[in-house]
1. Name the single residue, out of those in region 309-332 being open to solvent by 30 Å² or more (accessible area, probe 1.4 Å) and in contact (Cβ under 8 Å) with a residue 24 or more places away in the chain, that is farthest from the chain's Cα centre (by Cα).
2. Failed condition for N84, given (1) in a loop (DSSP other than H, G, I, E, B); (2) touching a helix residue (DSSP H, G or I) at 6+ places or on another chain (Cβ under 9 Å); (3) open to solvent by 80 Å² or more (accessible area, probe 1.4 Å), with all others met?
3. A295: out of contact with any Cys (no Cβ under 6 Å at 6 or more places or on another chain) and under 21 Å from L258 (Cβ atoms), yes or no?
4. I need every pair where a residue in region 134-158 that is under 21 Å from L121 (Cβ atoms) has its Cβ under 8 Å from the Cβ of a residue that is assigned to a helix (DSSP H, G or I) and modelled with pLDDT under 95, sequence separation at least 6 or different chains.
5. Only one of these conditions is not met by L27: (1) more than 30 Å from E138 (Cα to Cα); (2) out of contact with any strand residue (DSSP E or B) (no Cβ under 9 Å at 6 or more places or on another chain); (3) assigned to a loop (DSSP other than H, G, I, E, B); (4) modelled with pLDDT of 95 or more. Which number is it?
6. Mind telling me which of the residues T99, T109 ends up being loosely packed, with under 14 Cβ neighbours inside 10 Å, β-branched (V, I, T) and closer than 27 Å to L278 by Cα?
7. Residue under question is E225, and the condition is that it be over 30 Å from A318 (Cα atoms), crowded, with 18+ Cβ neighbours inside 10 Å, among the charged types (D, E, K, R) and at pLDDT 95 or above; does it hold?
Amino acid sequence: MKKQILIVGSGFSGMWAAVSASRLSALTGNNALSIAVLAPVAELRVRPRFYEEKVATLVAPLSDLFSELDIEFIAGSAERIDTNDKIVVWRDANGQEMTVSYERLVLATGSQTKRPPIAGLAEYAFDIDQLGSAQVFEQHLDSLVARPSTPERNTVVVCGGGFTGIELATELPARLRARFGEDTQTKVIVVERGAVIGGRYSEALRKTIADASLELGVEWRLNSEIEAIDDGGVTLKNGERIATSTVVWTAGVEANPLSRQIGGERDSQGRLIVNENLQVPQHPDVYATGDMAHAQTDDVGNTALMTCQHAIQLGKFAGHNAAASLLNQPPLPYRQVNYVTCLDLGGWGAVYTEGWDQQVKSVRDEAKKIKIAITNELIYPPAADRSVAFAAADPLAKFV
């Protein structure tokens, strides 16, 4: 009887966990493992690109890859985890409830936008957090073309000036011009509770974002918070009213609620705090990875961020270690010392930094080429070729 590794989620971390587990199984020549991925569809949704146009095309099929590597795909959504009986209760597309057992569980269900109880947020704000919601937002932009040209129609308010908010805000001027024409005066406003633009970033990176925003005409409302949203605009807590037909919420994410079903310590974003092998200490048979894991990247206190850069490597280590624990192989402690930032800044270009202190190395067109190489090639799944996929899935192989 084969021992089952069940990976819940087919995003960056889940996909790589499956490939990495399959790799170790093949390397050891041991046919004792069964590897399965449970997710709604066998595709990788390229979430870091959801600020772009044609979001429906930003998916990569996984069926051929999984088939090549003998990875079973289970089409459904996990609903309940029983760590005592080692089963996951899931529901298929027809609503039928089923169960699947595991010897090792890899939780890779990612994160979701955190939506606080702000009046009108649920009813009137868009987001680009998931494929479906990003498509709804794109369809809304398309629908604006049929409306009369007014300041309200031509204004977009982005709530939150973090990574996603910045990339969306700097991309929006071009997206609006493409719909309304070059002669239409549009306005993009970022509402940010912090006192400076890009408050979590280095001084050099903050200045670059500010310069790009100024050149693109993106306005910032600093030290500002949303009081309420309605069908005609937003009201800030300082009383300012911004008339707009389009409000996009990008202020913060939290781990998928499935994390709450696992007994263990969590951080402020709901991520399970894991050991260096990415196991949940209270449940050694459970590995958390990607946006579900609070993991130390090095020996100086840095923690993995909710980015695909970290999710990809976390997945490789989690899959390897889950398989290793069943194959009597030594685990590989998760380490990801190198850290880069590549931020798209729309028509201005991009900015590329290296290190946790975010030293700016490239800007404008040069950085844009790096950004495109990362988001259009590097983060996509490997070819459905065993040798190519296994080489890429090695946790110790150079990534960035």
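The values are calculated or read from the model by the stated rules, or taken from the named source; none is laboratory data. What you see is a predicted model, and the numbers here were worked out from it, not measured in a lab. Don't worry about glycine lacking a Cβ; one is built from the backbone with ideal geometry, like all the others, and counts go over all protein chains shown. These area figures cover heavy atoms from the full protein model, side chains too; ligands, DNA and RNA do not enter into them. Shrake-Rupley method; radii C 1.70, N 1.55, O 1.52, S 1.80 Å.
1. This residue is Q329.
2. (2)
3. Here the answer is yes, as A295 does meet what is asked.
4. Here the result reads none, with nothing in region 134-158 linked to a residue that is assigned to a helix (DSSP H, G or I) and modelled with pLDDT under 95.
5. The one condition L27 does not meet is (3).
6. On inspection, the qualifying residue turns out to be T99.
7. no
Quick grid of which residues meet (1) touching a Ser or Thr at 6+ places or on another chain (Cβ under 8 Å); (2) among the aliphatic types (A, V, I, L, M); (3) at negative phi:
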residue: L24; (1), (2), (3): no, yes, yes
residue: S34; (1), (2), (3): no, no, yes
residue: V46; (1), (2), (3): yes, yes, yes
residue: I87; (1), (2), (3): yes, yes, yes
